[in-house]
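So the structure is just underneath, and the comments pick up after that.
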């Protein structure tokens, strides 16, 4: 059986490898330890378990933080933005229902027949919360 010999200066703190090892001090106040291989394996296993527990606690804290942020956002109303047309009673009445194949460009071409539809496309996107369309969506065409 081969033993491992490790050198440690006098003020060095013990590591996991030294928990159950023999310590020797020579005449020059230098500390030596003799670690048995099965003790080294045990020390490595405890380090792996320690890291695993740290990672597990970290992941748990991230999930808990995400859950608490979601609850906070729902309670305070941070995500009350609606996408699409405002269909409340006091909203403007000029509303268009998106059909298959419609784009903001094609809708703007139907509204603005006398020129460049780019300004109309930008206005439609601003009025309706973005440029994403889906079939059946209600679009506001004017203020």
Response to the item:
Matching residues in segment 103-117 (part of a helix (DSSP H, G or I) and modelled with pLDDT under 85) number 1
Practice prompt. For residues that are in a loop (DSSP other than H, G, I, E, B) and either more than 39 Å from the chain's Cα centre (by Cα) or surrounded by fewer than 16 Cβ atoms within 10 Å (Cβ to Cβ) (or both), tally how many sit in segment 118-135.
Written response: 6
Practice prompt. Run residue 100 past the list (1) modelled with pLDDT of 65 or more; (2) surrounded by 11 or more Cβ atoms within 10 Å (Cβ to Cβ) and report the number of the one that doesn't hold.
Written response: (2)
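The values are calculated or read from the model by the stated rules, or taken from the named source; none is laboratory data. As the structure is a prediction and not an experimental result, all values here were calculated from the model. Every residue, glycine among them, receives a Cβ derived from its backbone with ideal geometry; neighbour counts consider all protein chains shown.
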